[in-house]
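A short worksheet on the structure shown next.
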Amino acid sequence: MKLEQRLTIALPSGERSKHYALRLLRRAGLEIPDFQGSRSLSHEFGNLRILEVKDPDVPAYVDLGVADCGIVGKDWILESGRDVYEPIDLGGEPYRLSLIGIQNSGSRIERVASKYARSARKMLNERGIPADVIQLSGKLELAALTGLVDAIVDVVQTGRTLKENNLHELEVFAQLSYRLIVNRAALKLKSSTLRELIHRLQHLETETGIEK
Ligand code: PRP
């Protein structure tokens, strides 16, 4: 795909998401040479600029116009609360946002930890669970196992992490997948380039199964 206009794409830097996003973009016809091993976070290939952005930050880069578009999981779009244009569900191995607790524990849920504090508060509120939500950065399973909290709200993909930590999925809050997000102003200013990319991504076969 030849780019007539300069295009900046926010690529999620997480191992799983980056690998998946790059594969989709290359299959859509963008020529992106291998840049693994480079410590630079911004890569220019002719009219294409790739920014390696932490997954939770992709919606902000796109919404605020630094990137014209980006690829990111629906979990981070929900958590960002940003009003980005989301034209395509890009599939990927399905995953979900769930309420997770200690196996067979019937105790009340008073304190919950999550990387997705905003979504967790909203979803617990909607279910009438008046828990206190604390924001942690990762490895949430440990918060449940050590008794720091009664439950966690986290993503589940293969279920392996839950199984190995003897944790239990109490309720699925949302089914998730990867999405293309587009800056609304860029869609007007770079209409032909972005619409061609959207069209090409739309016509890729749905992919399933991404390597961890
Ligand atoms: C995510 C999530 C779980 C795990 C679930 O963590 O927080 O720990 O993946 O995946 P599974 O169901 O396939 O086992 P991530 O790998 O993003 O690391 P983190 O906890 O450090 O954020």
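The values are calculated or read from the model by the stated rules, or taken from the named source; none is laboratory data. Here the structure is a predicted model, which means the values were calculated and not measured. No Cβ is skipped: glycine too gets one built from the backbone with ideal geometry, and neighbour counts run over all protein chains shown. These accessible areas exclude ligands, DNA and RNA; they are computed on the full protein's heavy atoms, side chains included. Shrake-Rupley method; radii C 1.70, N 1.55, O 1.52, S 1.80 Å.
Would you check if there is a residue in segment 80-92 being in a loop (DSSP other than H, G, I, E, B), open to solvent by less than 30 Å² (accessible area, probe 1.4 Å) and of a type in the set (Val, Ile, Thr)? Spell out how you get there, then give the answer.
In the first step, residues of segment 80-92 are kept if they are in a loop (DSSP other than H, G, I, E, B); the result is 81-84.
In the following step, the residues that additionally are open to solvent by less than 30 Å² (accessible area, probe 1.4 Å) were identified as 84.
Among the residues that remain, those that are also of a type in the set (Val, Ile, Thr) are: 84.
Yes: segment 80-92 contains one or more residues that are in a loop (DSSP other than H, G, I, E, B), open to solvent by less than 30 Å² (accessible area, probe 1.4 Å) and of a type in the set (Val, Ile, Thr).
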Taking the residues in segment 110-132 that are crowded, with 19+ Cβ neighbours inside 10 Å and under 16 Å from ALA174 (Cβ atoms) as candidates, determine which candidate is farthest from the ligand (Cβ to nearest atom). LEU124
Neighbours by Cβ (under 7 Å, 6+ apart or cross-chain): first from segment 14-26, on the phi < 0 side of the Ramachandran plot; second in a helix (DSSP H, G or I) and within 12 Å of the ligand (Cβ to nearest atom): GLY14/ASP55; SER17/ASP55
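Does LEU176 fit the bill of being away from the ligand (no atom under 16 Å from the Cβ), under 21 Å from the mean Cα position of the chain (by Cα), closer than 16 Å to LEU78 by Cβ and among the aliphatic types (A, V, I, L, M)? Explain how you work it out, then say what you get.
On the way: away from the ligand (no atom under 16 Å from the Cβ): no; under 21 Å from the mean Cα position of the chain (by Cα): yes; closer than 16 Å to LEU78 by Cβ: yes; among the aliphatic types (A, V, I, L, M): yes.
Answer is no for this residue.
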So which residues in segment 163-173 are open to solvent by 20 Å² or more (accessible area, probe 1.4 Å), outside any loop (DSSP other than H, G, I, E, B) and within 12 Å of the ligand (Cβ to nearest atom)? LYS163, GLU164, GLU169
Considering only residues of segment 32-44 that are out of contact with any Leu (no Cβ under 8 Å at 6 or more places or on another chain) and either under 17 Å from LEU194 (Cβ atoms) or open to solvent by 60 Å² or more (accessible area, probe 1.4 Å) (or both), which is farthest from the ligand (Cβ to nearest atom)? GLU44
Tabulated pairs, segment 108-125, first under 19 Å from LEU145 (Cα atoms) and part of a loop (DSSP other than H, G, I, E, B), second among the basic types (Lys, Arg) and modelled with pLDDT under 95, C-beta under 8 angstrom, 6+ apart or interchain: none
